[in-house]
Structure formats: C-alpha cells, structure tokens
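A quick write-up on the structure given underneath.
The values are calculated or read from the model by the stated rules, or taken from the named source; none is laboratory data. Nothing here was measured: the structure is a model prediction, and the numbers come from that model. Note that each Cβ is placed from the backbone with ideal geometry, even for glycine, and that neighbours are counted across all protein chains shown. Side chains included, ligands, DNA and RNA excluded: accessible areas come from the protein's heavy atoms. Shrake-Rupley method; radii C 1.70, N 1.55, O 1.52, S 1.80 Å.
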Amino acid sequence: MKYQGYSKIVSMTELETFIVEQEDKTISVAAYDLETGEEILIHADQDFHPASTIKVHVMMEVFHQVAQGFFALEDCLPVINSFTSIADGNKFSLDVNDDAEQTLYPRIGERESIAELTRLMIVRSSNLATNILLEKVGAKNVSDFIQTLGIQGVTFIRGIEDHSAFRLGMNSSATARGLTQTMKRIAEKNVVSEQASEKMIEILLGQEFNESIPALLPKSVRVAHKTGWTGDVYHDTGIVYPEQRKPYTLTIMTRGFTEDQPEEAHACMATISKLIYEKLQ
C-alpha cells in the first residue's frame, strides 16, 4: 500500500484490510482530493485492460477537435458497422449482443449527431458510437492528446472489439493513477477549455450504470463517472461531488472477478468507494 501527497496522515487500515480480504483479486485504487490535495494510491501503477473507461479519452478528443474547428457537435455522422482492424487492415463489425447500448444497430445507414454519439458512448457505453467517433477523430489523435495533457499510465491504441489486434497484443492499457489524472484534469476544468470540461462533466453525470462508485454514497452526492468491464476486469473512474466541499476524483480497477460475478465486482467497488468517501469527509 502506498500513500503520497498527504498534508496529514490519514489511517486507511479499514480500506487496506478490505482489499487484502479480496482473495485472488488484483485491486488498484487512486484518489485525489481537490479540497486538500491528499492522495490515496494503492497499487495505482498496475496496468489493466481499460475496458470502456478509455471512452473518456475519445470524448476528450472529440471536444478537442470541436475547439479546433474541425467539426461541430451538431454535425451528423453516418451510423455504420464496418471498421478497419489496425492489425491486418481487414474489415470487422461489432456484435449487437456484446454492446450495452443497442438502439443504434437498427439505424445503420441513418445519421446521428456527434453530440448524441458522444453521449451514448459515455452514459450507455455504446461500442458502436465509440468506433463511429474514432473513424472521425482518429485513434492516433486520441493518443496524442493524452500525451499533450501529460497524463501518464494511459495508452490508447485502438477502437472496440478489434479481435485481430487483440490476439496480437495490440491493446490499450490504463492504470488507476492515469485514469484519476484524467478525471482530475476534467474536474479542474482544464481539458480543452472550461466550457468544454463542463460539458464533459455534464455528460459523465448522466451515466446510467451506477452500481459501483455511486452505489453506497448518500443520494445527495453526485458522481460524474465512466464504468468499464470486459472478461475478468471491472472498473469505475469518476469525479465525486460531496455537498459543501470541492470534489475528489476516484478510480477503482479490478481483475479476478469472473464474467458471471458482476454483482460481486460492483459490490467490492461500491464498498471501496464508500470507505474512501467516509475517510475524506
């Protein structure tokens, strides 16, 4: 267990004990308190498959390119389901049954606004919207903007469900520290611009999957966040807004819960979130 950046010593024994009790699981935690500057870092530099948490960085690049005048959020893109693998150049399509958001699939050939595609990518974790947006903004540009912002521990390689690339190990990766750095930049409203950051926060506040970080917090606490899970990894990263104080950013990443243990994974993350909330009050 590792602590850094504390202005005072905070006992985290209960949190540490809880994590140790999760047998055969890898759990990483990174939190940054914008009120005090305190950090909680537990295995925060462990690399994970980021799952859908990486969609936050696609959203950031969308707003980055809007600010550069390349397009407007109101512009529309064709709804397509044919994408090019970075591994071999072959075409692949997404399976509707593997997507948490399915309303776009019957609309192939129609058009949808970049604003709505971005919203669906975040609040319903649409894989199809993600790949459509990546066709527009470019994976390399997403990666370059991550570097420009000085975010460490996040590597963006490709879009969603590129199985040929996956088999060759051509995968994005993230650490809890890197995702928390990402959310800290958004919370401080210095990603692209204050206005763009506020719009991104508004989108993140609309998250429809709330089984983890927000689940055991008081109802008055707002959470702007993005979940992600695939295979044996379950994650959540976001900005927590307690009443009458500045927010804190929090990332919880897990490996070892199986695909048929989503309730256990969410309960674990919800408990960690609750313990951190109580310690930072």
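Just one of (1) of a type in the set (D, E, K, R); (2) in contact with a Lys or Arg (Cβ under 9 Å, 6 or more places away or on another chain); (3) open to solvent by 20 Å² or more (accessible area, probe 1.4 Å) trips up GLU116, so point out which. Unmet for GLU116, out of (1) of a type in the set (D, E, K, R); (2) in contact with a Lys or Arg (Cβ under 9 Å, 6 or more places away or on another chain); (3) open to solvent by 20 Å² or more (accessible area, probe 1.4 Å): (2).
When residues in the stretch 247-275 are screened for being under 16 Å from HIS225 (Cα atoms) and either of a type outside the set (Ser, Thr, Tyr) or more than 18 Å from the chain's Cα centre (by Cα) (or both), 9 of them pass. Of all residues in the stretch 43-80, which are in contact with a Leu (Cβ under 8 Å, 6 or more places away or on another chain) and either on the phi > 0 side of the Ramachandran plot or surrounded by fewer than 18 Cβ atoms within 10 Å (Cβ to Cβ) (or both)? Once the filter is applied, which keeps residues that are in contact with a Leu (Cβ under 8 Å, 6 or more places away or on another chain) and either on the phi > 0 side of the Ramachandran plot or surrounded by fewer than 18 Cβ atoms within 10 Å (Cβ to Cβ) (or both), the stretch 43-80 yields only LEU77.
Being farther than 18 Å from GLU112 by Cα, open to solvent by less than 10 Å² (accessible area, probe 1.4 Å) and aromatic (Phe, Trp, Tyr): is that true of PHE83 here? Against the criterion (farther than 18 Å from GLU112 by Cα, open to solvent by less than 10 Å² (accessible area, probe 1.4 Å) and aromatic (Phe, Trp, Tyr)), PHE83 does not qualify.
Listed here are the residues, each with its yes/no results for (1) more than 15 Å from ILE80 (Cβ to Cβ); (2) not in a helix (DSSP H, G or I).
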{"residue": "GLY109", "(1), (2)": "no, yes"}
{"residue": "ALA115", "(1), (2)": "yes, no"}
{"residue": "THR130", "(1), (2)": "no, no"}
{"residue": "LYS136", "(1), (2)": "no, no"}
{"residue": "VAL142", "(1), (2)": "yes, no"}
{"residue": "GLN152", "(1), (2)": "yes, yes"}
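The number of residues in the stretch 122-137 that are free of Cβ contacts under 8 Å to residues at least 60 places away in the same chain and open to solvent by 20 Å² or more (accessible area, probe 1.4 Å) comes to 1. Candidates in the stretch 1-38 are the residues that are modelled with pLDDT of 95 or more and assigned to a strand (DSSP E or B); of these, the one that is surrounded by the fewest Cβ atoms within 10 Å (Cβ to Cβ) is THR26.
Only one of the numbered conditions (1) touching a helix residue (DSSP H, G or I) at 6+ places or on another chain (Cβ under 6 Å); (2) assigned to a strand (DSSP E or B) is violated by LEU41, and that is (1). Every condition in (1) part of a helix (DSSP H, G or I); (2) among the small types (Gly, Ala, Ser); (3) modelled with pLDDT under 95 is met by SER52 except one, and the failing one is (3). The C-beta contact set for the stretch 177-191 (first residue more than 24 Å from ILE27 (Cα to Cα) and open to solvent by 60 Å² or more (accessible area, probe 1.4 Å), second residue assigned to a helix (DSSP H, G or I) and not charged (D, E, K, R), distance under 9 angstrom, 6+ apart or interchain) comprises GLU188/SER197; LYS189/GLN195; LYS189/ALA196; LYS189/SER197; LYS189/ILE201; ASN190/SER197.
Considering only the stretch 216-232, I want to know if a residue exists there that is closer than 23 Å to ILE160 by Cα, modelled with pLDDT under 95 and in contact with a helix residue (DSSP H, G or I) (Cβ under 6 Å, 6 or more places away or on another chain). Let's see the steps before the verdict.
Applying the first criterion (closer than 23 Å to ILE160 by Cα) to the stretch 216-232 yields 224-232.
Now narrow it down to the ones that are modelled with pLDDT under 95: 230-232.
With in contact with a helix residue (DSSP H, G or I) (Cβ under 6 Å, 6 or more places away or on another chain) added as a condition, the list becomes 230.
Yes, some residue in the stretch 216-232 is closer than 23 Å to ILE160 by Cα, modelled with pLDDT under 95 and in contact with a helix residue (DSSP H, G or I) (Cβ under 6 Å, 6 or more places away or on another chain).
Residues of the stretch 59-74 include at least one that is free of Cβ contacts under 8 Å to residues at least 60 places away in the same chain and charged (D, E, K, R).
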